[in-house]
Amino acid sequence: MQQIISQLNPTQQQAATHIDGPMLILAGAGSGKTKTLTTRLAFLIGEIGIDPASTLTLTFTNKAALEMRDRALSLIGDSYSTMPLLCTFHKFGLLFLKQHIEQLNRSNNFVIIDSDDKKKAIRAIAKELKIDLNLSFITSEISKYKNSLLLPQDAIAKAELPDYKKVASIYEVYQERLEANNQVDFDDLLMLTYYVLDKNPKLREEISQRYTYIMVDEYQDTNELQFRLLEHLCSAHNNLCVVGDDDQSIYGWRGANINNILEFAKNFEGTKVVKLETNYRSTKPILEAANSLIEHNTARLGKKLVSHRGEGESIELLHSLDENMEASLIADRIQKLISQGIDPNDIAVLYRINALSRALEEGFNKAKLPFKLIGGMRFYERAEIKDVISYLRVIANSDDNFSFLRIINKPKRGIGKTSLDKLLVGARDAKVSLYEYIYRGLANEWELPVSKKIVSSLKELMEVFDVLKEETKELDSSFVDTFEAHIKLKEFYNAMVDGYEKVANIDEFYGNFREAIESNPALSLDSFLNDISLQSDQDQIESDAVTIMSVHASKGLEFEHLFIIGLEEEFFPLLGEGCDIEEERRLGYVAITRAKSHLYVSYVDSRFYKGKRKLIKKSRFLGEAGLIKETSLKIEKRSTYKKGDLVKHNHFGIGRVQAVNKSGKDYKLLINFGGNKREILSSFVKPI
């Protein structure tokens with residue numbers, strides 16, 4: 001064991017050999033946190049003599065749990081009669097509830113429902129209660145309630161606005177039915193575990209004594225419920241060791257609470273803090289840029305990465321006129337790298353907004369450069385883009401049944417499966433396409449087998465198609481605006497929880513379509529659709545391919561040659577309602593620290609923005625990272641808020657201000673969003 005410990009650097013050794021009391025391992029990017037954590041587990045078991053069954057290590061993914069288990073066992077061997085428990089938070093909840101859910105008067109033969117079953121159940125309840133709200137919004141809010149430990153009665157009591165009252169009423173019925181059918185959903189695995197421990201002090205003491213050494217990986221990603229659960233699990237001993245990096249907290253939008261790591265020492269008295277600042281991944285110039293950028297954040301514990309690799313190539317700044325030139329330039333650079341013998345798998349391109357992948361995909365296809373898109377669909381395979389294309393295909397060819405079926409009830413027109421089946425049978429019997437069957441039925445050639453209300457909806461749809469077909473006879477760039485004004489797909493998707501990205505993708509498509517028309521006045525709709533089919537038809541690449549992905553998807557990965565594109569204001573950082581500039585900066589830090597030896601940072605002078613080409617400013621991050629001298633304008637600060645004000649946040653919805661505090665040149669607001677309290681800078685909310 002001493003030989004294993006000697007392989008660690010001094011700060012890693014401090015962390016790995018710490019035994020009792022709370023400890024925060026502040027692990028910078030590439031600083032060997034997994035090695036440190038698994039060595040500590042091996043040290044406790046193999047050197048101190050702690051029973052492996054007395055340890056509990058919690059992770060966020062099964063992959064991370066398996067990796068840690070394999071590493072730990074390779075250090076301590078598998079000769080022990082009991083094994084350490086390494087699992088995800090939710091797997092722990094499942095194991096716990098199988099033994100103790102009877103404390104809630106429930107049977108332990110419960111069934112876990114998946115996300116699809118959850119949506120079906122909620123959709124059915126909403127229909128019964130005659131509530132017409134976006135399904136994604138309802139499911140997201142119910143998940144937030146559970147992760148904020150709000151029971152249905154609490155959610156009902158706290159709801160102030162009509163939509164939230166409706167969601168709370170659906171939540172109440174949904175939870176009643178889960179219990180009646182002895183079912184639990186994913187969020188229940190933690191929420192019910194917490195309530196069992198909370199209501200049973202004796203059991204809480206017993207479980208805490210069972211797991212006398214608890215470790216948590218990626219602690220910066222924990223939410224309120226996970227924090228509260230950990231408090232109970234270590235209540236008898238306080239031997240909680242957490243590993244994380246406040247500078248890599250990038251999941252605030254899905255409930256992660258950065259304050260869990262920022263305030264760890266305050267929440268757990270006597271905390272030992274160990275900073276892992278030696279980076280084994282990146283060269284000095286890359287880390288200098290990352291350090292310089294993240295130092296502009298105020299909500300951080302503070303650390304500075306030092307390169308173990310030493311000096312390296314300077315970061316290269318790439319400047320293009322627009323996104324097409326950017327894609328061409330990057331494709332050319334990558335082809336040269338590959339021709340020099342660089343493995344394509346060692347090359348990646350990152351972006352902040354998914355819509356930026358469209359130009360890259362097209363540019364790489366033209367250059368015949370093999371690529372793989374990680375953590376998302378190819379641009380033309382995304383649901384919202386398929387919807388737009390399906391409408392255009394029906395306009396170009398009304399006999400395209402497949403496309404027509406996709407969009408006949410999107411946005412919703414009240415055409416259910418039963419009615420649609422009747423229409424399809426009628427079309428088949430009449431030996432015509434579905435479109436022609438409906439069209440001729442509306443012209444009274446035959447009676448459509450659906451209600452008058454649906455007939456009215458179909459009539460409106462066909463009138464829209466008539467208008468749009470006429471517009472395509474002399475196609476010009478105004479067609480895009482006419483199309484959206486009649487179809488309203490952006491309005492439909494904007495109502496969803498993840499609507500921002502979907503609307504951005506639609507805007508990107510509209511902008512590309514508009515520019516294609518302007519650059520080729522003779523362009524026909526058929527030709528444009530055929531070009532798209534060629535672009536989206538690239539064979540799936542299994543290996544030897546350049547990686548394209550979002551910054552979020554890149555976390556935990558590393559590449560020798562890394563390109564980061566879209567370093568412009570409003571693209572990276574993302575600005576506007578709901579934007580947290582400090583989280584955007586953390587995203588920039590994560591992106592930069594994925595690079596090992598060569599980093600290329602790209603910006604353009606103009607890009608599509610909300611469907612139209614627009615001149616844009618270089619990202620402030622370029623200046624903050626020391627890559628250019630000047631920086632762009634800062635977000636306008638607001639301070640006209642007081643306790644009790646109602647405000648609207650783009651992501652969290654409506655909330656009430658509970659406290660106002662000065663934070664540098666801005667004001668930090670403590671806001672209660674339906675029981676979920678968050679600290680938000682005043683520049684990211686609007687008054688109601």
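Being among the aliphatic types (A, V, I, L, M) and either assigned to a loop (DSSP other than H, G, I, E, B) or farther than 15 Å from E326 by Cα (or both) is the filter; apply it to the range 554-572 and report the residue that is most open to solvent (accessible area, probe 1.4 Å).
Step one: filter the range 554-572 for residues among the aliphatic types (A, V, I, L, M), giving 557, 562, 564-565, 567.
Applying the additional criterion that residues be either assigned to a loop (DSSP other than H, G, I, E, B) or farther than 15 Å from E326 by Cα (or both) yields 557, 565, 567.
Details: L557: 64, I565: 2, L567: 12 Å².
Only one residue fits best here, namely L557.
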Review point. From the list D343, D332, which one is open to solvent by 30 Å² or more (accessible area, probe 1.4 Å), acidic (D, E), in contact with an Asp or Glu (Cβ under 8 Å, 6 or more places away or on another chain) and modelled with pLDDT of 95 or more?
Key: D343
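Select, from T34, T38, T61, the only residue that is buried (at least 24 other Cβ atoms within 10 Å of the Cβ) and either within 22 Å of T222 (Cβ to Cβ) or modelled with pLDDT of 95 or more (or both).
Residue meeting the stated conditions: T38.
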Point to revise | The lone exception for H237 - which of (1) assigned to a helix (DSSP H, G or I); (2) open to solvent by 30 Å² or more (accessible area, probe 1.4 Å); (3) modelled with pLDDT under 95; (4) of a type outside the set (S, T, N, Q) it fails | key: (1)
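I want to confirm something. Restricting to the range 6-31 and keeping residues that are within 30 Å of the chain's Cα centre (by Cα) and of a type in the set (G, A, S), which single residue is surrounded by the most Cβ atoms within 10 Å (Cβ to Cβ)?
Taking the range 6-31 first, the residues within 30 Å of the chain's Cα centre (by Cα) are 23-31.
When the remaining residues are screened for being of a type in the set (G, A, S), the result is 27-31.
Numbers: A27: 28, G28: 26, A29: 25, G30: 22, S31: 26.
In this case the residue turns out to be A27.
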Review point. Taking the range 473-483 as the region of interest, how many residues are of a type outside the set (V, I, T) and either touching a residue at least 60 places away in the same chain (Cβ under 8 Å) or touching a Cys at 6+ places or on another chain (Cβ under 9 Å) (or both)?
Key: 1
Practice item. Need at least 2 residues that are in contact with a helix residue (DSSP H, G or I) (Cβ under 8 Å, 6 or more places away or on another chain) and over 24 Å from K596 (Cβ atoms) per element, so show me which strands (runs of 3 or more DSSP E) inside the range 262-381 make the cut, counting only ones lying wholly within it. Key: 272-276
**Study point:** Cβ pairs under 9 Å, 6+ apart, first in the range 336-347 and within 10 Å of D544 (Cα to Cα), second exposed (fewer than 13 other Cβ atoms within 10 Å of the Cβ)
**Key:** D343/D544; P344/S543; P344/D544; N345/S543; N345/D544
Practice item. Identify, from the list Y439, Y435, the residue that is on the phi < 0 side of the Ramachandran plot, assigned to a helix (DSSP H, G or I) and open to solvent by less than 30 Å² (accessible area, probe 1.4 Å). Key: Y435
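Would you call T88 in contact (Cβ under 8 Å) with a residue 12 or more places away in the chain and touching a Pro at 6+ places or on another chain (Cβ under 7 Å)?
Working: in contact (Cβ under 8 Å) with a residue 12 or more places away in the chain: yes; touching a Pro at 6+ places or on another chain (Cβ under 7 Å): no.
The answer is no for T88.
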Point to revise | Breaking point among (1) of a type outside the set (G, A, S); (2) more than 30 Å from F186 (Cα to Cα); (3) touching an Asp or Glu at 6+ places or on another chain (Cβ under 7 Å), for Q3 | key: (3)
Exercise for review: Might you let me know whether the range 447-464 holds any residue that is free of Cβ contacts under 8 Å to residues at least 12 places away in the same chain, open to solvent by 30 Å² or more (accessible area, probe 1.4 Å) and outside any helix (DSSP H, G or I)?
Suggested key: yes
Review point. Of everything in the range 273-303 that's touching a Gly at 6+ places or on another chain (Cβ under 8 Å) and open to solvent by 70 Å² or more (accessible area, probe 1.4 Å), which residue is farthest from L681 (Cα to Cα)?
Key: Y280
Check your understanding: Does any residue in the range 15-30 that is under 17 Å from L41 (Cα atoms) and modelled with pLDDT of 95 or more come within less than 6 Å, Cβ to Cβ, of a residue that is among the small types (G, A, S) and open to solvent by less than 10 Å² (accessible area, probe 1.4 Å) six or more places away or on a different chain, and which pairs are these?
Key -> I25/A15
Point to revise | Condition check for R228: touching a strand residue (DSSP E or B) at 6+ places or on another chain (Cβ under 9 Å), closer than 18 Å to P22 by Cα and either among the charged types (D, E, K, R) or surrounded by fewer than 17 Cβ atoms within 10 Å (Cβ to Cβ) (or both) | key: no
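The values are calculated or read from the model by the stated rules, or taken from the named source; none is laboratory data. Everything quoted here is computed from the prediction, not taken from an experiment. Heads up, the Cβs are rebuilt from the backbone with ideal geometry, glycines too, and the neighbour counts pull from every protein chain shown. Quick note on the areas: whole protein, heavy atoms, side chains included, nothing else; ligands and nucleic acids left out. Shrake-Rupley method; radii C 1.70, N 1.55, O 1.52, S 1.80 Å.
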